[in-house]
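Taking it in order: structure first as structure tokens, then the write-up.
The values are calculated or read from the model by the stated rules, or taken from the named source; none is laboratory data. Bear in mind that the values here come from a model prediction, so they are computed numbers and not experimental data. Because the Cβ atoms are built from the backbone with ideal geometry, glycine has one as well, and the counts that use them run over all protein chains shown. Quick note on the areas: whole protein, heavy atoms, side chains included, nothing else; ligands and nucleic acids left out. Shrake-Rupley method; radii C 1.70, N 1.55, O 1.52, S 1.80 Å.
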Amino acid sequence: MIRYLWDESVSHDVLRALRAVQPEIDAKSIQELGRNGASDDQVIDLSVQTGRVIVTSDRRTLIGIARERI
């Protein structure tokens with residue numbers, strides 16, 4: 001099963017709706033993991049550490065940082 005890391009840039013209303021229709025989904029928000037205000041680098045590090053795919057709408061910086069790490 002894919003595990004998701006919900007970035008602060010994506011509405012939590014969407015996450016709540018997704019959980020309502022698919023309660024078994026393994027999705028954790030940055031806030032739920034106690035990392036409010038995490039930098040993009042920290043979000044990527046958390047994703048790697050927890051084995052989660054990042055769900056974000058931050059195409060401007062987050063994706064560029066991830067590309068530099070590959």
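Just a few scattered comments:
- Restriction of the GluC sites (Glu not before Pro) in the chain to DSSP coil positions whose beta-carbon has at most 14 other beta-carbons within 10 angstrom yields GLU24, GLU32.
- The chain - accessible surface per residue (Å², probe 1.4 Å): 67
- Close amide H contacts of ASP58 (hydrogens built in the peptide plane, cut-off under 5 Å, sequence separation of 5 or more or a different chain): none are found.
- Working from the Cα coordinates of segment 5-70, the gyration tensor eigenvalues give, after taking √(5λ), semi-axes of 21, 12, 11 Å in decreasing order.
- For TYR4, nonlocal amide neighbours, meaning residues 5 or more places apart or on other chains whose placed amide H falls under 5 Å from its own, are ASP26, ALA27, LYS28, VAL53.
- When a 1.4 Å probe is rolled over the protein heavy atoms, the share of accessible surface on the chain that falls to carbon and sulfur comes to 51 percent.
- Along segment 40-56 the Karplus relation, 6.51 cos²θ - 1.76 cosθ + 1.60 evaluated at θ = phi - 60°, assigns HN-Hα couplings of 4, 4, 5, 5, 5, 4, 4, 4, 5, 4, 9, x, 10, 8, 7, 9, 8 Hz to successive residues, with x for each Gly and Pro.
- Sequence-ordered 3J(HN,Hα) estimates for segment 14-31 from the Karplus curve with 6.51, -1.76 and 1.60 and θ = phi - 60° stand at 5, 4, 4, 5, 4, 5, 5, 8, 9, x, 7, 4, 9, 10, 10, 8, 3, 5 Hz, glycine and proline given as x.
- Every helix of 4 or more DSSP H residues in the chain counts as -39500 (n - 2.57), and over all residues that averages to -12000 deg cm²/dmol at 222 nm.
- Dipole magnitude (debye, nearest 20) for segment 10-70, charges at Cβ of Lys, Arg, Asp, Glu: 100
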